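Trainee: My structure is below; once you've seen it, I'll send some questions.
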Amino acid sequence: MKLNNKGFSLVELLLAVVISTVVFGAITALIAFSSRSMRDTNARVELQNQAKDALNHIESYSLEAERAYWDQLNRILILFYDEKEGSQMIKDLENGDKTLADIKDMRSDSYVYWFKNNDGIADIGGDYSVYFGKCSPASTPAPTPGPAPTLIPGATPTPAPPGVSMPSIVDVSQITAINSQEDLLKNYLLADEVKEFDCKILENGATKKYVLDVNMVFDDSVVPEYSCGKRIYMRNQ
């Protein structure tokens with residue numbers, strides 16, 4: 001019997017290489033698309049979760065507040081936990097009789113959220129961030145700064161429950177100086193990747209009750225920006 005030892009022809013070999021290249025190229029593209037899609041999905045979920053956590057945090061503290069003050073120029077939101085003292089402070093701030101430096105001398109609790117552009121400081125977070133702290137009454141010694149709280153305190157000053165960190169103390173009038181101190185800023189960080197932070201305080205003409213509108217835009221440069229907002233009714237008025 002005569003054996004056929006011809007093997008593959010050059011045309012057959014080239015055809016096999018072309019087909020293999022197309023198949024492996026399609027598989028590689030599919031894997032790359034799946035990886036990119038999974039990365040984008042995870043990034044969007046993480047961004048949405050961060051937005052939800054930030055809004056829930058603001059809502060928790062705002063619900064217990066009796067008055068709120070929004071400084072549009074400096075993007076500072078201050079929550080007052082005493083109706084009488086808070087109303088007087090807001091009136092004095094608007095009339096120019098007092099400044100933000102006077103808030104630390106109040107007898108009642110107050111809390112502050114503020115927005116800052118970090119100018120690309122990578123070890124703090126994104127280029128823009130929102131921070132949170134407590135405006136300490138003069139009679140309260142300032143504790144060692146700690147991480148942002150996970151639970152809210154009551155409407156009146158109460159000791160921190162075991163295992164729950166109280167908000168870091170901040171002098172509202174010194175926020176500009178704090179913004180330039182990277183290590184100190186980390187103690188107040190609430191959310192990074194925040195592109196916009198805006199609030200409106202609305203008064204109901206009939207009930208004379210105040211409502212807080214909070215709007216935030218998150219953008220991590222990986223997925224399209226994510227906008228969220230919430231209308232908060234301060235229940236302790």
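The values are calculated or read from the model by the stated rules, or taken from the named source; none is laboratory data. Keep in mind that what you see is a predicted model, and the values were worked out from it rather than measured. All Cβ positions, even for glycine, are placed from backbone atoms using ideal geometry, and neighbour counts span all protein chains on display. Areas reflect the complete protein model, heavy atoms only, side chains present, ligands, DNA and RNA absent. Shrake-Rupley method; radii C 1.70, N 1.55, O 1.52, S 1.80 Å.
Trainee: Looking at the range 81-97, can you tell me whether even one residue there is touching a residue at least 24 places away in the same chain (Cβ under 8 Å) and in contact with a helix residue (DSSP H, G or I) (Cβ under 7 Å, 6 or more places away or on another chain)?
Mentor: yes
Trainee: Still on this structure, please answer the following. Is it the case that some residue within the range 65-82 is farther than 25 Å from residue 176 by Cα and not in a loop (DSSP other than H, G, I, E, B)?
Mentor: No, the range 65-82 contains no residue that is farther than 25 Å from residue 176 by Cα and not in a loop (DSSP other than H, G, I, E, B).
Trainee: Looking at residue 223 and the list (1) open to solvent by 30 Å² or more (accessible area, probe 1.4 Å); (2) touching a residue at least 40 places away in the same chain (Cβ under 8 Å); (3) of a type outside the set (Gly, Ala, Ser); (4) not in a strand (DSSP E or B), which single condition is not satisfied?
Mentor: Every condition holds for residue 223 apart from (1).
Trainee: Can you pull out the strands (runs of 3 or more DSSP E) entirely within the range 127-214 that have at least 3 residues that are open to solvent by less than 50 Å² (accessible area, probe 1.4 Å), modelled with pLDDT under 85 and out of contact with any helix residue (DSSP H, G or I) (no Cβ under 9 Å at 6 or more places or on another chain)? Full working, then the answer.
Mentor: On the way: elements: 128-135, 189-192, 194-203.
Hits in the range 127-214: none.
Trainee: Output the residues belonging to the range 83-107 that are more than 25 Å from residue 179 (Cβ to Cβ) and touching a Pro at 6+ places or on another chain (Cβ under 7 Å).
Mentor: Once the filter is applied, which keeps residues that are more than 25 Å from residue 179 (Cβ to Cβ) and touching a Pro at 6+ places or on another chain (Cβ under 7 Å), the range 83-107 yields only 107.
Trainee: Moving on to the next point. Step by step: first the residues of the range 98-115, then only those that are touching a helix residue (DSSP H, G or I) at 6+ places or on another chain (Cβ under 8 Å) and of a type in the set (D, E, K, R), then the one that is surrounded by the fewest Cβ atoms within 10 Å (Cβ to Cβ). Which residue is that?
Mentor: Once the filter is applied, the top-ranked residue is 107.
Trainee: Follow-up. Can you tell me which residue among 90, 78, 31 is over 29 Å from the mean Cα position of the chain (by Cα) and farther than 24 Å from residue 226 by Cα?
Mentor: 31
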